[in-house]
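Visitor: To start, I am sharing the structure in question, which I have written as structure tokens.
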Amino acid sequence: MSYPYQITSLEQYHRDYQKSVDNPQDFWGSVAENFLWRKKWDKVLEWNFTEPKVEWFKGGKLNITENCIDRYLPTMGDKPAIIWEPNNPEDRVRIVTYNRLHKRVCQFAQVLKNNGVKKGDRVCIYMGMVPELAYAVLGCARIGAIHSVIFGGFSAQSIADRLEDAQAAYIVTCDGAYRGNKDIPLKSVIDDALIGNKTVKRVIVYTRTRTPVSMIKGRDVWWEDEMEYAETQVEKDGVVSFPSEEMDAEDPLFILYTSGSTGKPKGVVHTVGGYMVWTNYTFVNVFQYQPGQIHFCTADIGWITGHSYIVYGPLSAGATSLMFEGVPTWPDAGRFWDIVEKHKVDILYTAPTAIRSLMGFGTAPLQGKNLSSLKKLGTVGEPINEEAWHWYDEHIGKKQCPIVDTWWQTETGGTLISNLAGVTPAIPSWASLPMPGVQPLLVDEKGNEITEKDEHGMLKGNLCIKAPWPGILRTTYGDHERCRTNYFATYPGLYFTGDGALKDDQGNYRITGRVDDVLNVSGHRIGTAEVENAINMHAGVVESAVVGYPHDVKGQGIYAYVIFSGHHGDDASRRQDILQTVSRVIGPIAKPDKIQFVNGLPKTRSGKIMRRILRKIAEGEVSNLGDTSTLLDPGVVDEIKNGKL
Ligand code: PRX
């Protein structure tokens, strides 16, 4: 097997880039030829960023699971599609071949059908990192149901909101999930989420931890029972089949909720054809994947990175994807390195947060670990600082492995800006060059293109993209206007990423971080408004303001300024209660790192909180707060400065 669209030299990169910009129809049409279509598209691309409307491969008919599984069965049925490494290194590894994956996905698709799920229905998936999660995702795709995976760290309330927004009638979950030395009771969280819910008809429960769970008659069924029965339906005389649903290229494949600058997460919608082409194309090119290599992406499938680079990108390329159930620091901080050695991993793709956290343990956990199988390294999710980049290069890659710094977002489906491993140059802490098909543009606050260089000879501005690539989001579920206002209205005619960036003379980009009210904590995206809403739910809280501050390991930490009026408890217990409240409302990932109680917040005369000032105080920059003359009560600033944590 080879990938005719794999870029193998810098010259070819420049050539392909130019072609993709000059004639996207031809360029992407010829890439798409390498997939399995039941019927070819009528038109490669139709778009405008005003509505917005983006259609790729319109009229094309396909099923993504045939591209991820069936087409590889004749030649690679016995090759591993997924290697699963359990949380506990003493437990049994599972190797799922393409044949086995086919069988399990057919079985699960049958289970969904048996339970009444139809094309277009929304299925919410809330599971730990077990192969069954991949079967569930692909089973949905096989029958054309829209999956909405929710990360295991979200609370019952967050799940309830997402169920409601997606009008989901089906849930797939586990009794519990193992993460390090913790056992997370997923089903019980689902039970809480379902109190008062009227839309959910069926909950399918996979047994992982055998933790006691409630099973409600008529609603809850066991995964194992359902799969056993389905096996008798899909397997006849040793031959497994379950006809996959014929999908239009522009039918929705999944919804994935993500945070923005407003209080409520948005359901980002990706469609079948474009997303498939984009995740495959970027996987094959960024990582320079060669058949037989083992790709280890350490993300959770609850985030977009897991969707695109554990499931759809690698499997659609016939790759072997390593899936890890646990955490990098349990049983000890050598866990990733043990996995690399045990499975002879070729490609390691992780987050800067993980690198910084492992760096903190020094090189002792690396002693005696054989990392010589590694050929390529990658990072994703947040800017990587140069120190972490060099540590990764020196201690993990032994200066032999190109590092790709991949910049992208839930909304972009796959990588937009990155070097290509060993093919285009790597520059520490620079995402570098745009992928073919991606046309970035830096603009000022008014939307004018930046043309003046700064004192370092760089262009600096807000990062926008001029034209669609196949993996761009199509809408936000149930509310297209929200999609328009969030991404396409700030700068008319452009997709606005929410990030700031620098550009050098060579056309390389360095992402500097979010320029909106969105935080990036350990590579997880959290809206400040969302955290404020959660804090304000606490009975004693009058008002709060949340900002980010630099954090050595997490990249950004969450700093909350809170006006409290209750009389209950002392500051320490109030803080704990607020943390508990945030955990309940959003989930533990949104818990503030610091909570400072204040008597007032700096506001303009029109009542707007001046976050710029709060951000500076949280960052420790107390001497240079800029102009405070427009404040209603400048006195509060001194009080806040003096009370800084
Ligand atoms: O700020 C950018 C940052 O993560 C944001 C997207 O978050 P999310 O949708 O959760 O997706 C994360 C995984 C793709 C971006 O707006 N970000 C992502 N990758 C990088 C990055 N910042 C700098 N460098 C990166 N490589």
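Visitor: Only bridges with both residues in the chain count here: give the DSSP antiparallel percent, nearest 5.
Guide: Percent antiparallel among DSSP bridges in the chain is about 60.
Visitor: Just to confirm, what accessible area per residue do you get for the range 440-514 at 1.4 Å probe, in whole Å²?
Guide: Accessible area per residue: 46 Å².
Visitor: Further, regarding this structure: Work out the FRET efficiency for Ser2 and Phe597 from their Cβ-Cβ distance, taking R0 = 60 Å, and round it to the nearest 0.05.
Guide: Result of the calculation: an efficiency of 0.45.
Visitor: Quick one: if you take sqrt(5λ) for each eigenvalue of the C-alpha gyration tensor of the range 199-349, what semi-axes come out, biggest first, whole angstrom?
Guide: Values for the range 199-349, descending: 28, 23, 22 Å.
Visitor: Now for a different question. Using amide H atoms built 1.01 Å from N in the peptide plane, name the residues 5+ places from Arg122, or on other chains, whose amide H lies under 5 Å from its own.
Guide: Ile146, Ala169
Visitor: Sequence-distant or interchain residues sharing an amide H contact under 5 Å with Met215, placed H: which?
Guide: Residues meeting the criterion, in which the H sits 1.01 Å from N, do not exist here.
Visitor: Same structure, new question: How big is the gap, in Å, between the Cα center of the range 474-547 and the Cα center of the range 582-645?
Guide: 19
Visitor: Please identify every one of the chymotrypsin sites (Phe, Trp or Tyr not before Pro) in the range 174-242 that sits in a loop by DSSP and has no more than 15 other beta carbons within 10 Å of its own beta carbon.
Guide: Within the range 174-242, no chymotrypsin sites (Phe, Trp or Tyr not before Pro) qualify (loop, at most 15 other Cβ atoms within 10 Å).
Visitor: What does the convex hull of the Cα atoms of the range 67-189 come to per residue, in Å³, rounded to a whole number?
Guide: Convex hull of Cα atoms, per residue: 102 Å³.
Visitor: Gain in length, Asp479 to Lys641, computed as 0.36 nm per residue apart minus the alpha-carbon separation, to one decimal in nm?
Guide: Extra length available between Asp479 and Lys641 comes to 54.2 nm.
Visitor: Hey, another quick one. Looking at the P(r) of the range 440-514, how many percent of alpha-carbon pairs lie beyond 21 Å?
Guide: In whole percent, the share of Cα-Cα pairs in the range 440-514 beyond 21 Å is 30.
Visitor: Consider a paramagnetic label point 7 Å from the Cα of Ser373 along Cα→Cβ; state which residues of the range 72-105 have an amide N under 11 Å from it.
Guide: Within reach of a label on Ser373, which here means backbone N under 11 Å from a point 7 Å along Cα→Cβ, the range 72-105 contributes 83.
Visitor: Write out the trypsin sites (Lys or Arg not before Pro) in the range 506-605 meeting two conditions: DSSP loop, and at most 13 other Cβ atoms within 10 Å of their Cβ.
Guide: Within the range 506-605, the qualifying trypsin sites (Lys or Arg not before Pro) (loop, at most 13 other Cβ atoms within 10 Å) are Arg605.
Visitor: How much mean residue ellipticity at 222 nm does the chain get from its helices, if each DSSP H run of length 4 or more adds -39500 (n - 2.57) and you divide by all residues, to the nearest 500 deg cm²/dmol?
Guide: Calculated at 222 nm, the ellipticity per residue is -8000 deg cm²/dmol.
Visitor: Further question on the same structure: Taking only complete DSSP H runs, can you tell me which helices of the chain stretch 30 Å or more along their own long axis by Cα positions and average at least 1.6 on the Kyte-Doolittle scale?
Guide: Span-like helices, by this rule, are absent here.
Visitor: Given the range 520-642, what count of lysine pairs have C-alpha atoms under 23 Å apart, with each pair 8 or more places apart or on different chains?
Guide: Eligible lysine pairs with Cα atoms under 23 Å apart amount to 14.
Visitor: When N counts the residues of the range 520-642, how does its alpha-carbon radius of gyration compare numerically with 2.2 N^0.38 Å, as a ratio?
Guide: 1.03
Visitor: On to the next question. Which lysines does Lys61 reach when only Cα atoms under 24 Å apart count, and residues fewer than 8 places away in its own chain are ignored?
Guide: Cα-Cα hits under 24 Å: Lys39, Lys40, Lys43, Lys53, Lys103, Lys113, Lys118, Lys119.
Visitor: Heavy-atom accessible area of Phe488 with all protein chains present, probe 1.4 Å, nearest 10 Å²?
Guide: 10
Visitor: Sticking with this one: Give me the log10 of I(q) over I(0) for the chain at q = 0.10, 0.11 Å⁻¹, as the Debye formula computes it from C-alpha points; what are the numbers?
Guide: Each listed q maps to, in turn, -0.93, -1.15.
Visitor: Another question about this same structure. On full extension of the chain, what length is gained from His14 through Glu621, given 0.36 nm per residue of separation minus the C-alpha to C-alpha distance?
Guide: Here the answer is 214.2 nm.
The values are calculated or read from the model by the stated rules, or taken from the named source; none is laboratory data. What you see is a predicted model, and the numbers here were worked out from it, not measured in a lab. Glycine also receives a Cβ, built like all others from the backbone with ideal geometry; neighbour counts cover every protein chain displayed. Surface areas here come from the heavy atoms of the whole protein model, side chains and all, with no ligands, DNA or RNA. Shrake-Rupley method; radii C 1.70, N 1.55, O 1.52, S 1.80 Å.
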